[in-house]
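The values are calculated or read from the model by the stated rules, or taken from the named source; none is laboratory data. None of the values given here were measured: they were computed from a predicted structure. Reconstructed Cβ throughout: ideal geometry from the backbone, glycine too, with neighbour counts over all protein chains shown.
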Amino acid sequence: MATTFSEIVKTATIIIDDIRDREQLSLNPAVFYRRYSGYIEAAMPLLSRPPELYAFLRDNMVGSTFDEAVWTSTPESTEQETDVDTGVTGFELCSIISVYSDGTAEPYEEFEYDSETGIVTFGIQESEDINYQIDFYNDGYFKNNLTPAQLRLFGLAISVVWNERFENDWLNIQPKIKDSSFKSANEPGFISKITERQLQYRQRFSDELRKYEQDIAYMGFPLAHGNEVRTMFGTGYTKVTRAD
């Protein structure tokens, strides 16, 4: 059994609760999971208590893979289905969006993707010169099942990284021009509140990580027997030989 990146993302997005995540998932699932796979890899080093936890995750991780292609509808595609050879094979998820000249986009669902050949079959087009962005994604995973506690810790770690990235946005923290018709928020106070929130996110995560470490130690101590100590990772107990 394994724990997929998408399972971890589900936990993280419940904690973050950003409507833009739901919009991105509806628009382009492959890009949504591709973006969050980056958060998973950035957040993983935060899971460092007990020290064995990070090594356990790192050594059991298989990263996600992704690719992309583009296609523009032709006059011939307005009369019949079109097979587009993307040259991209072996992916479990393919999502496509229509991209318009004004920069807006919407999901496109009238297609079939053959993962063995890399051919995407488009339905009959309404007109020519419609641009399509084709995105592919294979889920990453951890070879061992993560416990509910580990999933929650991962979700909290991702939320810490997510919030720091969001609140450190360059445009948000730059001085703004003011005049009689526009008054921005008090900038020193705004920066102070951002710093305070980031510390709160970090503290909440640290508290739960410390509790997890204590729980692991507590559950391991009564199971010590002779030269063996059992420590709990993944779905079961791993026997560790102790040198006396």
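Structure above, values below:
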| read-out | value |
| --- | --- |
| Tally, over the range 84-108, of residues that are without any contact (Cβ under 8 Å) to a residue 12 or more places away in the chain and within 18 Å of Phe32 (Cβ to Cβ) | 1 |
| The range 56-83 residues that are under 30 Å from Glu213 (Cα atoms) and in the same structural domain as Asn28 (by TED's automatic domain parsing), paired with ones that are hydroxyl-bearing (Ser, Thr, Tyr) and not in a strand (DSSP E or B) (beta carbon under 8 Å, 6 or more apart) | Gly63/Ser37; Ser64/Tyr33; Ser64/Ser37 |
| Residue within the range 78-97 that is of a type in the set (D, E, K, R), crowded, with 17+ Cβ neighbours inside 10 Å and within 20 Å of Thr117 (Cβ to Cβ) present | no |
| The listed residue being surrounded by 19 or more Cβ atoms within 10 Å (Cβ to Cβ), closer than 18 Å to Leu156 by Cα and out of contact with any helix residue (DSSP H, G or I) (no Cβ under 6 Å at 6 or more places or on another chain), out of Leu57, Leu53, Leu46 | Leu53 |
| Hits in the range 203-216 (condition: surrounded by 12 or more Cβ atoms within 10 Å (Cβ to Cβ) and in contact (Cβ under 8 Å) with a residue 24 or more places away in the chain) | Arg204, Phe205, Glu208, Leu209, Tyr212, Glu213, Asp215, Ile216 |
| The range 130-143, subset in contact with an Asp or Glu (Cβ under 9 Å, 6 or more places away or on another chain) and not in a loop (DSSP other than H, G, I, E, B), residue farthest from Leu53 (Cα to Cα) | Gln133 |
| Residue within the range 7-21 that is modelled with pLDDT of 95 or more, more than 21 Å from Arg165 (Cβ to Cβ), surrounded by 12 or more Cβ atoms within 10 Å (Cβ to Cβ) and not small (Gly, Ala, Ser) present | yes |
| Pairs with Cβ under 7 Å, 6+ apart, first in the range 152-172 and closer than 16 Å to Leu199 by Cβ and at pLDDT below 70, second among the charged types (D, E, K, R) and exposed (fewer than 15 other Cβ atoms within 10 Å of the Cβ) | Glu167/Arg197 |
